[in-house]
Amino acid sequence: MLEFPAINPVLLSLGPLQIRWYGLMYVIGFSAAYILVSHQAKKFGWKQLLLHLDNLNLALIVGVVVGGRLGYVLLYNPAHYLSHPLEIPATWSGGMSFHGGLLGALTGGFLYCRRHGLAPWKVADMFIVTVPVGLFFGRLGNFINGELYGRTTSVPWAMRFPDGGPLPRHPSQLYEAGLEGLLLFLILWSLKAKPWQPATPPAKPWPHGSMLALFLALYGGCRFLVEFVREPDAQIGFIVMRFSMGQLLCALMIAAGAILWIGRKKAQAREPSAG
């Protein structure tokens, strides 16, 4: 068994102001996405996106925070927040849903693109390949906080988490950081040019929206597997048989990714020159 590294979740205190590791991980993730999207836009010569990048990034951040919080409130603990509605905006007390944050970001990004004449599928592909970077750092933040830990186990690398009781548990946050973060980034980043450039002309490039479809399916698959060793939320437990809420949502993600992939391929076949 390994010792859990007791890292203070508070990185720096300045009077009443606290800078927490988890919040810093969000900042690193959003900053990395901004830099990587800017790099892609310059590489492919998309000047219009560069002009809107600051405001679009802000719209996505708002979508992530609002969607992530509402997703947690509605999906993971509705009874509590129905009784304590004033706690709904209190994101600093914890409680964010990845699936809600993703839906919020997609909604905010789509609305911004439609209003300013940006191609939403192209934008989605450029941003989605950077999301695993944020996931990697976010899961490290979960690990430092000692939250979202795994189920009890006897594997040699098990750990006792401060709030996880006396029994050793899977460090499932690190599994997620490796799969949803590092592995998914390597796959998507290596394929990021597919919607833009055919590998062997005159072959067609993949349709725009394909990176988003791949992300939905691959993230859903990785998270679905990790959920088998991740402790389900205490207030929910298992939803159907031994499947958690996270697995239910990830199954929907996989299905959505498959449907989107098929839909974008059909759209490309109908309009070969359209993006």
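Being surrounded by fewer than 17 Cβ atoms within 10 Å (Cβ to Cβ), in contact with a Lys or Arg (Cβ under 8 Å, 6 or more places away or on another chain) and more than 20 Å from L49 (Cβ to Cβ): is that true of T153 here? Spelling it out, it is not the case that T153 is surrounded by fewer than 17 Cβ atoms within 10 Å (Cβ to Cβ), in contact with a Lys or Arg (Cβ under 8 Å, 6 or more places away or on another chain) and more than 20 Å from L49 (Cβ to Cβ). Pairs meeting the criteria (first residue in segment 6-30 and in contact (Cβ under 8 Å) with a residue 40 or more places away in the chain, second residue hydrophobic (A, V, I, L, M, F, W, C) and part of a loop (DSSP other than H, G, I, E, B), beta carbons under 8 Å, at least 6 apart or on different chains) are W21/I7. Taking the numbered list (1) touching a residue at least 40 places away in the same chain (Cβ under 8 Å); (2) over 16 Å from V37 (Cα atoms); (3) surrounded by fewer than 21 Cβ atoms within 10 Å (Cβ to Cβ); (4) among the hydrophobic types (A, V, I, L, M, F, W, C) in turn, L174 passes all entries but (1). Residues in segment 91-138 that are closer than 18 Å to L214 by Cβ and β-branched (V, I, T) were compared, and the one that is farthest from the chain's Cα centre (by Cα) is V123. Only residues that are more than 23 Å from the chain's Cα centre (by Cα) and in contact (Cβ under 8 Å) with a residue 12 or more places away in the chain were counted across segment 31-49, and they come to 3.
The numbered conditions (1) without any contact (Cβ under 8 Å) to a residue 40 or more places away in the chain; (2) closer than 30 Å to L51 by Cα are all true for P166 except (2).
Residues in segment 1-31 that are in a helix (DSSP H, G or I) and crowded, with 18+ Cβ neighbours inside 10 Å: W21, Y22, M25, Y26, G29, F30. Checking the condition assigned to a helix (DSSP H, G or I), within 22 Å of N8 (Cβ to Cβ) and not small (G, A, S), which residue from F143, F127, F161, F185 passes? From the options F143, F127, F161, F185, the qualifying one is F143. Among the residues of segment 209-246, those identified as modelled with pLDDT of 95 or more, under 23 Å from G95 (Cβ atoms) and not in a loop (DSSP other than H, G, I, E, B) are Y219, G220, C222, R223, F224, V226, R230. Put simply, of L184, L135, L212, L216 the only residue that is buried (at least 19 other Cβ atoms within 10 Å of the Cβ), free of Cβ contacts under 8 Å to residues at least 60 places away in the same chain and under 26 Å from V73 (Cβ atoms) is L216.
You will find that of A199, A267, A256, A203, the residue that is small (G, A, S), out of contact with any helix residue (DSSP H, G or I) (no Cβ under 8 Å at 6 or more places or on another chain) and part of a helix (DSSP H, G or I) is A267 and no other.
The values are calculated or read from the model by the stated rules, or taken from the named source; none is laboratory data. These numbers come from a predicted model, not from an experiment. Ideal geometry is used to build each Cβ from the backbone, glycine not excepted, and the neighbour counts take in all protein chains shown.
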